[in-house]
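Participant: Here it is, the structure, as structure tokens.
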Amino acid sequence: MVIEIGPVDIVNKHGEHRCERKILKGKEMRVFRAVERRQVSSTAQTSLRTGFTLTELLIVMAILVLLVSMIGPRLLGSKQKADISAVKTQIGMFQSSLERFAVDMNRFPSTEEGLAALVSEPTAESSSGEEGSDGDAASGSSSPWDGPYLKTEKLPTDPWGNQYSYEYPATHNNLDVPDIWSFGPDGQENTEDDIVSWTGDGNGSGESDE
């Protein structure tokens with residue numbers, strides 16, 4: 001049996017290209033077929049390996065999606081619990097600082113003065129309403145304010161970037177202490193996630209029961 005292949009591009013010793021047909025027969029034809037089968041087998045293996053790689057990639061992506069769906073909510077929940085705990089701690093620190101303020105000033109800051117009175121001395125105008133009865137503001141005597149009562153130059157904000165709210169005289173507790181609260185994760189006042197200094201009996205700090 002004789003097989004003709006071609007045209008074949010041949011380069012001679014001078015670098016010149018020429019095209020001619022090549023005739024294969026006998027042993028040469030068997031070698032040609034073996035090489036041809038090997039090339040086909042190599043191509044099939046390459047295609048099969050590409051398919052496996054894509055399948056493996058899809059499996060890895062599915063596993064990652066599953067892990068995120070399982071772990072993600074837990075991480076977010078843990079973060080929110082940590083933020084709420086930090087707010088309660090900060091409210092407790094405010095309460096301690098306000099008690100020291102009250103020892104020095106014989107009163108709590110008014111609603112207008114707010115928590116800012118813990119880091120900067122209240123002005124005579126803002127405190128005159130409270131001290132007018134004993135004449136301290138009018139007398140020009142030195143202020144008993146001995147702050148700052150917080151170890152920060154600026155008032156801290158809650159973990160969601162909002163200012164803490166303050167009110168005195170209080171309207172949410174039965175004790176003669178200020179009300180302090182955070183709007184919580186949603187940043188809205190008077191919602192279920194507000195974090196406040198009062199409880200049902202007006203004592204201590206915790207999340208709003210309203």
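Participant: Taking the criterion of being closer than 19 Å to residue 151 by Cβ and of a type in the set (Ser, Thr, Tyr), would at least one residue in the stretch 69-76 satisfy it?
Facilitator: no
Participant: Return the total of residues in the stretch 184-208 being modelled with pLDDT under 90, outside any loop (DSSP other than H, G, I, E, B) and crowded, with 17+ Cβ neighbours inside 10 Å.
Facilitator: 1
Participant: Still on this model: Kindly evaluate residue 169 against the criterion of being surrounded by 16 or more Cβ atoms within 10 Å (Cβ to Cβ), on the phi < 0 side of the Ramachandran plot, modelled with pLDDT under 95 and out of contact with any strand residue (DSSP E or B) (no Cβ under 7 Å at 6 or more places or on another chain). Show your work before the answer.
Facilitator: Working: surrounded by 16 or more Cβ atoms within 10 Å (Cβ to Cβ): no; on the phi < 0 side of the Ramachandran plot: yes; modelled with pLDDT under 95: yes; out of contact with any strand residue (DSSP E or B) (no Cβ under 7 Å at 6 or more places or on another chain): yes.
No.
The values are calculated or read from the model by the stated rules, or taken from the named source; none is laboratory data. All of these numbers come straight from a predicted model, not from anything done at the bench. Here Cβ is always computed from backbone atoms with ideal geometry, including for glycine, and neighbour counts include all displayed protein chains.
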